[in-house]
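Okay, structure first, notes after.
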2 protein chains.
Amino acid sequence: MKIAVDAMGGDHAPDVVVEGAVNAAEETGHHVLLVGRTDAVRPLLDRRMPRSGKIEIVEASDVIEMDEQPAQAVRRKPGASMVICAELVRDDVASGMFSAGNTGACMAVCLLRWGRIRGIDRPALAIPLPNLRGYGVLLDAGANVDVPAACFAQFAVMGSVYAHEVLGIQEPKVGLVNIGEEEGKGNEQARAAFQLLRAAPVNFVGNVEGPDLFMARVDVAVCDGFTGNVLLKAGEGLAELMMTLIRAELKQSFWLRLPSVALRPAFARVKGRLDYAEQGGAPLLGVNGVCIIGHGRSHSRAVANAIRTVGEAVRHGIVERIRDRVAD
Amino acid sequence: MKIAVDAMGGDHAPDVVVEGAVNAAEETGHHVLLVGRTDAVRPLLDRRMPRSGKIEIVEASDVIEMDEQPAQAVRRKPGASMVICAELVRDDVASGMFSAGNTGACMAVCLLRWGRIRGIDRPALAIPLPNLRGYGVLLDAGANVDVPAACFAQFAVMGSVYAHEVLGIQEPKVGLVNIGEEEGKGNEQARAAFQLLRAAPVNFVGNVEGPDLFMARVDVAVCDGFTGNVLLKAGEGLAELMMTLIRAELKQSFWLRLPSVALRPAFARVKGRLDYAEQGGAPLLGVNGVCIIGHGRSHSRAVANAIRTVGEAVRHGIVERIRDRVAD
């Protein structure tokens, strides 16, 4: 399988992307097309994996920067690495793509080059959300800030397909992010979405709040992109605060210095579990192609995991499965 | 100062409320009016503080349950403990009130019995949000699920007054909860609110996301009640998950058992810092009276802290300060 990788996307590109791609190619056997400036990518690649058939460079002269306005950037830079990736997939040269670049631009590129799946009004970014059992999926995590309630049912179908096919969860439980468990709770949009979700062909279990998500009462949580993004960042912020407070406590007492050294690997494991960036990125669901979007701060392990996820999503025919479910 | 306390409100009422009230009366010197069923409260009180002048019982024959529909409950139960508390404040018998009962009902009672401060369209529930330096305040945390953008500026003024007067923060920094730092980010409501906040008489520093809140980049965070409640519960959920994962890690290895015992007090302190329920409850701002609402699961320490907070809010004339600022 050939996978197109945006070599120039992300805070630490192209170094960590090349490193992650090399590791992914070795571990998975996938053929990686590193898309970017040959002069920047070639030396990094040669240092790591000289003359291997598993990785090749596809020249892309331009780069969309992290802080560019998405729609404008895509229009102005048709030769950007991210755009070339999407075209390689559209032209069946690659089976799927990965980028850790500008998230908004990446969603725009996929939408423009591939189009939406028939029956899906808005594509959604699905984020792996850590929970007590492993991972669930939260969508939309930021692709659409203002959505009609009708989209919630589509999000639920797409999230269920992804959770089943890629995360391997049987009959994934779907919850609506809300501010109380009872029916009738929430704002106007949430109340309308509740009714639509109840009628949707998914395993809808009702309203859910933060603790339900993180303690794994549901596998798929749906909400609009504004709410999803706020929820996600709140989790990030609180995890950062807790780690800082715990570290400060451990430094305060002489008697805790030794145990704190012994605890370091345990804390690192907890941190790793909570860091969704490490889990292989977030699929953009609802477009006619497989695209996994990585966090801008992705390091090589996250890149390698994400490339593996692209392979899994392609292997499970995630686009076709969503197409079938929506057609039903 | 006399403070009315809803003896029947909360998951562990009346026991923990009586205990908290007794401790608060002893520590602060405030005179507490325990409002509730005399036959339920009297034996608990006699056991703890027999024949003291600092606490008296005010009979209220009815109780609004935690799961009752707020508006209906208030209409049907004019003799409920929560309603009597608000009337004691309205009639100047008490200076302020505390309840850990049904939050929606408590807000409805205060609104109905006291009315809104002139110039405030919607009262807001302000939650103390733990951060790196101590506490900030997040509002609205759930009083209004659908609000016009104009309310955001009012929330900012009320939050700033509270942060300054009660939390003692000079020129509190105000942020708008959003999904990106740049102006122009967010949904329609957030974009409109941004412009109004810029024109408001507060120290507005721009959009903020989870990490900004928890790492103390701002002191006052404003949003609609739906978003605020989702953010709060996400934090609660993630804290629960982290504590569970850390505990599981510590149990896994024999070598970590001993240090984990040594660490217990440190973890307890971190947990206490993050538990906003312990911090004395959430003020309902924008009504003509002081009301602190406690989490349903409040224990006696939280109740005592909340009663102390009522005293602080009254002492700093929080209602008058908000009235003055809005009149300007």
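Laboratory data are not the source of any read-out in this text; all were calculated from the coordinates shown. On a predicted model such as this, the values are computed, not experimentally measured, just so you know. Cβ coordinates were reconstructed from backbone atoms using ideal geometry, including for glycine residues, and neighbour counts include every protein chain displayed.
For the reader, a short list of remarks on this structure follows.
- MRE, 222 nm, helices only [DSSP H, n ≥ 4, -39500 (n - 2.57), over chain A, to nearest 500]: -16000 deg cm²/dmol
- Treating r as the C-beta distance of A:Leu112 and A:Asp15 and R0 as 30 Å, the FRET efficiency rounds to 0.55.
- Kyte-Doolittle at least 0.0, axis length at least 27 Å by Cα - qualifying DSSP helices, chain A: A:225-252, A:254-274
- Between B:Asp39 and B:Thr244, residue separation times 0.36 nm minus the direct Cα-Cα distance comes to 69.7 nm.
- Entry note, segment A:28-97: relative contact order of 31 percent, from Cα contacts under 8 Å with a spacing of 6+ residues.
- Cβ-Cβ FRET estimate between A:Arg90 and B:Arg133, R0 fixed at 51 Å, reported to 0.05: 0.50
- Only one residue of A:Val161, A:Gly294, A:Asn102 has its Cα farthest out toward the positive end of the dipole of the protein assembly as shown, where Lys and Arg carry +1 and Asp and Glu -1 on Cβ, and that residue is A:Gly294.
- Shape call, the protein assembly as shown: gyration tensor on alpha carbons, a/c limit 1.5: prolate
- For peptide A:206-215, the mean count of partner chain Cβ atoms within 10 Å of a residue's Cβ comes to 5.
- For chain B: rounded, prolate or oblate by the Cα gyration tensor [a/c cutoff 1.5]: oblate
- Candidate lysines - alpha carbon under 24 Å from A:Lys185, same-chain residues fewer than 8 apart omitted: A:Lys173, A:Lys233, B:Lys77, B:Lys233
- Cα centroid separation, segment B:35-92 to segment B:140-209 (Å): 35 Å
- Sum of side-chain charges, A:Glu59 neighbourhood, beta-carbon under 14 Å (Lys, Arg +1; Asp, Glu -1): -3
- Structural descriptor for chain B: relative contact order 23 percent, calculated from alpha carbon pairs under 8 angstrom and at least 6 residues apart.
- As a rough guide to protection, the peptides A:297-305, B:181-189, B:291-299 ranked by mean Cβ packing within 10 Å, highest first, stand as B:291-299, A:297-305, B:181-189.
- Taking the fewest neighbouring Cβ atoms within 10 Å as the starting point, the ordered list for A:Lys54, B:Lys251, A:Lys173 is B:Lys251, A:Lys54, A:Lys173.
- The Cβ shell under 12 Å around B:Ala143 holds other residues with a net charge of -2, Lys and Arg each +1, Asp and Glu each -1.
- The protection proxy used here, the mean number of other Cβ atoms lying within 10 Å of each residue, ranks peptides B:145-151, A:42-48, A:94-100 as follows, highest first: A:94-100, B:145-151, A:42-48.
- The mean number of partner chain beta-carbon atoms within 10 angstrom of a residue's beta-carbon across peptide B:126-139 is 1.
- Leading residue at positive end of dipole, segment A:169-328 (Cβ point charges), from A:Phe214, A:Pro172, A:Gln279: A:Gln279
- Gyration tensor verdict on segment A:166-255 (Cα atoms; rounded if a/c is under 1.5, prolate if a/b is larger than b/c, oblate otherwise): prolate
- Between B:Glu59 and B:Arg75, the modelled labels are 2.9 nm apart [label points 7 Å from Cα along Cα→Cβ].
- Taking a straight Cα-Cα cut-off under 16 Å and skipping sequence neighbours fewer than 8 places away in the same chain, the aspartates and glutamates within cross-link reach of B:Lys271 are A:Glu240, A:Glu249, B:Glu236, B:Glu240.
- Each other copy holds its own label point for B:Gly184; taking that point as 7 Å from Cα along Cα to Cβ, the gaps run 4.4 nm, nearest first.
- Using a 7 Å Cα-to-Cβ projection, A:Gly317 label spacings across copies, nm, ascending: 7.5
- On the basis of the beta-carbon distance and an R0 of 22 Å, B:Asp328 and B:Ala199 show a calculated FRET efficiency of 0.95.
- Using C-alpha pairs below 8 Å separated by at least 6 residues, the relative contact order for segment A:1-144 is 24 percent.
- Other protein chain C-beta atoms within 10 Å of residue C-beta, averaged over B:181-192: 3.
- Starting from the label point of A:Val93 at 7 Å along Cα→Cβ, the same points in the other copies fall at 8.2 nm, in ascending order.
- The charge dipole of segment A:61-170, taken about the Cα centre with unit charges on the Cβ atoms of Lys, Arg (+1) and Asp, Glu (-1), comes to about 200 debye, rounded to the nearest 20.
- Summary of packing: across the peptides A:204-210, B:263-269, the per-residue average of other C-beta atoms within 10 Å ranks them, highest first, as A:204-210, B:263-269.
- Computed about the Cα centre, the dipole magnitude for the protein assembly as shown is approximately 1180 debye when only Lys and Arg (+1) and Asp and Glu (-1) carry charge, each at its Cβ.
- Here the spin labels are modelled as points 7 Å beyond Cα on the Cα-Cβ line, and at A:Ala268 and A:Glu181 they lie 4.0 nm apart.
- Within the shell of other residues whose beta carbon sits under 13 angstrom from the beta carbon of B:Arg321, the net charge comes to -2, with Lys and Arg scored +1 and Asp and Glu -1.
- In a simple Cβ point-charge model (Lys, Arg +1; Asp, Glu -1; nothing else charged), segment B:1-119 has a dipole of about 400 debye relative to its Cα centre.
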